[in-house]
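Working notes, beginning with the structure itself.
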Amino acid sequence: MAMQTLTNRSKVVSNKKMTLWEKIYLPAIVKGLSITFFGHFFKRKVTFSYPDKQREFSPVYRGRHVLKRDDQGRERCTACGLCALACPAEAITIVAAERKPGEENLYREEKYAATYEINMLRCIFCGLCEEVCPKEAIFLTDQIVHSEYERPTFIYGKDKLVESVDNPVDVSKRQTKSVLEFKKNTGFAHNR
Amino acid sequence: MIKLTIDNIEVEVEEGTTILNAARKIGGKVVPPAMCYYSKLDCSGGKCRVCLVKVAQSSAKDPRPMPKLVASCSTMAQDGMVVQNITSPEVLEARKAIVEFLLLNHPLDCPVCDQAGECDLQDLAYSFGSENTRSREERSVHKQEDIGPYIQLNKNRCILCYRCINTANQLTDQRVHGMLFRGDHAEISTYIEKSVENDFSGNIIDVCPVGALTDKTSRFKSRVWFTKPYDAHRECPKCNGKVVLWMKGNEVLRVTAPKDKNGEVEHFICNECRFEKKEVSDWKIDGPRTIERTSVISLNHYTNIDKLNKEEK
Ligand code: SF4
Ligand code: SF4
Ligand code: SF4
Ligand code: SF4
Ligand code: FES
């Protein structure tokens, strides 16, 4: 039974002998080169000579992660584990700890992430961790993950991921509409 | 024996059976959810109202419908009764409203709460509650209280189901905690900060449908979906020693009593088994526990079970 074709563009392969004109290949080579020369040579190049020139990043580019702090400089992440659950690459490892009295200015909730590691070699920058986070703690940014010589250095811990208090990372463009809407509800303690 | 129909399914039960238990005999989706009724505890039920059903025909002798929705956990089945649960839009709407009431003062705590992933209220909210809250008022916040080294109490999450009080009354010889105040101000408390210490007091953790009572010895150790449940047993002089171990790698993070398909414990276990035996060598492991596919816990992959058993020998 002949196989049913999916499109009408299929061609039947034939095994007929090549003529001498076809055998010397030169005309075919000339034809190909002329396409390169007239068709593409004078077109604007799509490549950039990085790093001299750099492309502009989209505001929602999915680059390396940042762990945000809230307005008072407290870490937002509460080690709920949803990002690690959602991560298709299983790149995230979290160890939770209980906040001690006196640490209220460091951590937002009574539980916090004592260890938070992302293996950047495993991460596929899908952004699911950002999407799932109920505390708006993790965001992907427009920064890129730098190349390194050693594998272990690709495991980013809290020292690299948590933003510094003085130099916060702007993620306002990444916030979804529903989140901004939810934040207006002052019935919940964390929106006040 | 009497015969009744629940959601067009006929079932035969003994006289004196509640509608809820008759539905449980059928099983599956027609079973109403229960947040306060607990078949292992006397006098439980009638508080949360999530088990409301519609009685379209009271009995064979009296074919009139019941005027209002009734709590299936505390209404006896009658011969010839016709009950509607998921086939009645009225019931589903009422249940949705009840869930909204339960959530009215409930904190948005799931990311922090150790019960998340095995919480009846979370499941209910997911299936009935709408995403948004309609209240703008502040949620009630209770002063937190330390009730000893084993059990963590979070009053804000309590839904006032009285299960823990019934457990303490019926299982232990001295109940030291109870419900204080009335209505909106009601809270679970020991009145003066007194620790709940009794050989079987840990069972109030298992009966609590929400995260108001959680295990302090495994507090924040892991989220439940990163741990793997194993059936295990040991020789215990106080209880029958059959438990579920929640493990991560070779570490026993938490010990609970095994739960049946209605979410109730099969039997109560003692505090020694629950809180003090946290080594693999304390236990004989029987095998991985079957978890419903729909549960987030089933995302775990069972590996190394043979290795565990070998190490034990
Ligand atoms: S971006 Fe995707 S792959 Fe990377 S850590 Fe987040 S969830 Fe995992
Ligand atoms: S980053 Fe967000 S999702 Fe991940 S553990 Fe922290 S709070 Fe949870
Ligand atoms: S008790 Fe249940 S619904 Fe409430 S915060 Fe804990 S997990 Fe969430
Ligand atoms: S602490 Fe738990 S078991 Fe006790 S009344 Fe509250 S919700 Fe029910
Ligand atoms: S289970 Fe029936 S009222 Fe709570």
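The values are calculated or read from the model by the stated rules, or taken from the named source; none is laboratory data. Computed from a prediction, not measured in an experiment: that's the story for all the values here. Glycine gets a Cβ as well: all are built from the backbone with ideal geometry, and neighbour counts include every protein chain shown.
Structural remarks
- Residue within the range A:108-116 that is over 23 Å from B:Thr227 (Cα atoms) and either surrounded by fewer than 16 Cβ atoms within 10 Å (Cβ to Cβ) or within 12 Å of ligand 2 (Cβ to nearest atom) (or both) present: yes
- In the set A:Val12, A:Val30, only one residue is modelled with pLDDT of 90 or more and over 18 Å from A:Val132 (Cα atoms); that residue is A:Val30.
- Only one of B:Ala22, B:Ala34 that is out of contact with any helix residue (DSSP H, G or I) (no Cβ under 8 Å at 6 or more places or on another chain) and surrounded by 19 or more Cβ atoms within 10 Å (Cβ to Cβ): B:Ala22
- On inspection, A:Glu130 qualifies as crowded, with 18+ Cβ neighbours inside 10 Å and either within 14 Å of ligand 1 (Cβ to nearest atom) or β-branched (Val, Ile, Thr) (or both).
- Residues that are part of a loop (DSSP other than H, G, I, E, B) and either at negative phi or away from every other protein chain (no Cβ under 14 Å) (or both) within the range A:75-88 comprise A:Arg76, A:Cys77, A:Thr78, A:Cys80, A:Cys87, A:Pro88, listed in sequence order.
- From the list B:Lys278, B:Lys284, the one residue that fits, being closer than 21 Å to B:Gln115 by Cβ and over 23 Å from the mean Cα position of the chain (by Cα), is B:Lys278.
- Hey, B:Asp206 in a helix (DSSP H, G or I), under 26 Å from B:Arg24 (Cα atoms) and either away from every other protein chain (no Cβ under 14 Å) or at pLDDT below 90 (or both) or not: yes
- Residue selected from the range B:161-185 under the condition among the hydrophobic types (A, V, I, L, M, F, W, C) and either within 16 Å of ligand 1 (Cβ to nearest atom) or within 10 Å of B:Ile204 (Cβ to Cβ) (or both), by the criterion farthest from the other protein chains (Cβ to nearest Cβ): B:Leu171
- Qualifying residue in the range B:77-99 (condition: within 12 Å of ligand 3 (Cβ to nearest atom), within 30 Å of A:Ala114 (Cβ to Cβ) and either in contact (Cβ under 8 Å) with a residue 12 or more places away in the chain or not assigned by TED's automatic domain parsing to the domain that holds B:Arg293 (or both)): no
- Some residue of the range A:119-127 being more than 11 Å from chain B (Cβ to nearest Cβ), within 11 Å of ligand 2 (Cβ to nearest atom) and more than 24 Å from B:Gln144 (Cα to Cα): no
Let's see how each residue does on (1) away from chain B (no Cβ under 14 Å); (2) more than 30 Å from A:Lys158 (Cα to Cα); (3) in contact with a helix residue (DSSP H, G or I) (Cβ under 6 Å, 6 or more places away or on another chain); (4) away from ligand 4 (no atom under 16 Å from the Cβ):
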residue: A:Thr5; (1), (2), (3), (4): yes, yes, no, yes
residue: A:Phe41; (1), (2), (3), (4): yes, yes, no, yes
residue: A:Lys53; (1), (2), (3), (4): yes, yes, no, yes
residue: A:Ser58; (1), (2), (3), (4): yes, no, no, yes
residue: A:Tyr61; (1), (2), (3), (4): yes, no, no, yes
residue: A:Lys68; (1), (2), (3), (4): yes, no, no, yes
residue: A:Gly73; (1), (2), (3), (4): yes, no, no, yes
residue: A:Glu109; (1), (2), (3), (4): no, no, no, yes
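- Checking every residue in the range B:243-256 against the condition of being surrounded by fewer than 18 Cβ atoms within 10 Å (Cβ to Cβ) and either within 16 Å of ligand 1 (Cβ to nearest atom) or more than 14 Å from every other protein chain (Cβ to nearest Cβ) (or both) gives at least one match.
- Given (1) in contact with a helix residue (DSSP H, G or I) (Cβ under 8 Å, 6 or more places away or on another chain); (2) in contact (Cβ under 8 Å) with a residue 40 or more places away in the chain; (3) within 16 Å of ligand 3 (Cβ to nearest atom), index of the condition A:Cys80 fails: (1)
- For the condition of a type in the set (Asp, Glu), more than 16 Å from ligand 2 (Cβ to nearest atom) and away from chain A (no Cβ under 14 Å), B:Glu138 does not qualify.
- The range B:204-230, subset in contact with a Leu (Cβ under 8 Å, 6 or more places away or on another chain) and among the charged types (D, E, K, R), residue surrounded by the fewest Cβ atoms within 10 Å (Cβ to Cβ): B:Lys221
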